[in-house]
1. What is the helix-to-structure angle for 2-32, meaning the angle in degrees between its Cα long axis and the longest Cα principal axis of the chain, kept from 0 to 90 and rounded to the nearest 10?
2. With 10 angstrom as the radius, rank 414, 668, 250 by how many other C-beta atoms surround their C-beta, starting from the fewest.
3. What percentages, rounded to whole numbers, describe P(r) for segment 613-684 computed over all alpha carbon pairs with 10 Å bin width beginning at zero?
4. Enter the angle in degrees (range 0 to 90, nearest 10) between the Cα long axis of helix 412-438 and the first principal axis of the Cα atoms of the chain, meaning the one along which they spread out most.
5. Say R0 is 25 Å: what FRET efficiency, to the nearest 0.05, do residue 659 and residue 424 get from their beta-carbon distance?
6. Stretch residue 137-residue 517 to full length: gain in nm at 0.36 nm per residue minus the Cα-Cα span?
7. Return the Rg/Rh ratio of segment 638-758 with Cα-based radii and a Kirkwood Rh.
8. Based on other C-beta atoms within 10 Å, arrange 108, 325 from fewest to most.
């Protein structure tokens, strides 16, 4: 018990220290973010952009999908360019062409000899890198030549986002619909926001030789090359990783040698009480999970296809109705929604199961929350369609349309509604767990940790409400990654570890004391890297250099617990084959085993590939990012959601014979299909882009010139077999669920006694 107390104390100290540092970093980001000028003026006093122009331009960009159509500072979609990087290179070339025409009488600086080009490059860097922002007046002053170049680049974007035939081919390459922004004034204002994003990327911080975005993106023409601190902290991150895995190996060897092998029960111990009405009501959550999952796959196929056919899908002008930015929005949003729904359903199911207590009106609360989730999904989707189709207007977009921030695209009203729903979920699960927490049982620590993770899941989504319509973009990114990384990868992870540990103790696969120690230790090492590891998303988002040091150091530690989870999963898998009645839990445990594999490969291997600062400098926003994203989000959290769902279904339908054939098809098709997506398309395409980014610059790796090559088209088409196999797996899982209710095959009377054992997840009282 003393050891347990020490672990609890260590967890408390860790959380206090980690969040203190994270909040301090947030204050520094706020203080040192790239300035938003009151006006941008030329040396002769002409106003080019005002603060209102730039802020309204950002609103326009958000309304058309924001980060779902191209990216800003590397965060967002991958078919269209990064608008800041694209603007930066176009502006530099426009200045050089202007000088070449005026001084040498040629149309392009590329017609000049190499020494003259090199001299021009040095000259353009001296023009655009110095910081001319005046803090007293809030004014950025620019040279007349730069203003002329900006006007030329702005005209290009005004045409591109309109319906100009001259840019039609480029629109198709970027998977943009014609008249993406119908209003010409809105198009002009949006160019102001693009320019500011580029200005932040090339302008050096006061008194430093590093830009606001740490010299990102890579573009040697304008002098953006990786600063030395990226290499230094990348080396240290590798050292932290090696040290962490070494310590973990030592801990595992020391603490697992003396464990007693549990005495496995002769019958299924999960057979104590009947499934309560509220537990039975959770079945509809899992039906929603399957529906959202299938729709997400369909939208993913359409989104991927846009990359090779631009504005069409198999010859149909689908972009006129469902533009790329919308299908990608729904695809990414549904990933979070169906996984979260699976976990929410699991929480509502297991709460009364653990305590054996069915609170008053619990079923009503479960049903009401389900209706709320449907309203949020339908309402937010309708709002996003109206926004992207430019039918909602800028004044309503923030609240009811499309916020433009990847993974948190919901309008603010729907965000707030979802937060209220999570608070309701917290209340429902918490009051069901409360009796179990009050009892001094051996597994109390696991239940308390489960409850605390439920509290964290409910409360920490509030980070998505911390920014306003005109909050500085660096601060929006800071809070956004609280949601995407800390909420999902942090507290959902703890919730899952606690749930699985509890299930395995009730199945007799783990001793309660061993499980308690393992859960607390796993939570500590998860959060040790996970909380401050959030910062690895913010290296180049207009943040101070301290972010690079902290993010690199602690994000390296995030990989460490993934190896630990793998050890535990394999150990439990071996135990799970030791008794005949465990066969009914084979597939939930197999999905948990898949989670450990993808944890190590998707989150660990592919995650660490892009996490060191020097790596991410070149890789951010290339297809190596979705390689990590797909294998980690679905491979870990999706597989985990399916595994937890199957555990619940085992209890909801205890006397129904499961189809091993369907579940085997689902399991292997999903896993092999996911591997195919990563290895046949995303990884090789990302490597090709990486080579282009290093050799020619980030702008080129994201350009239409590069992305429209035959080899790129071939790699995208190579996704078809893997995507098809993945879809077969999802269809098999859906068909399996349908048969549980529509055409169940009951166990014979001889097996009824054993089958009833799966009716609940509650110990005897």
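1. Rounded to the nearest ten degrees, it is 20.
2. The most exposed by this proxy come first: 250, 668, 414.
3. Bins of 10 Å from zero give 17, 37, 25, 14, 6, 1 percent of pairs.
4. It works out to around 30 degrees.
5. 0.10
6. Full extension of this stretch gives 130.9 nm more.
7. Rg/Rh for segment 638-758 comes to 1.25.
8. 108, 325
Read-outs: derived from the displayed coordinates by stated rules, not from any lab. Nothing here was measured: the structure is a model prediction, and the numbers come from that model. Please note: Cβ atoms are built from the backbone with ideal geometry, for glycine as well, and neighbour counts cover all protein chains shown.
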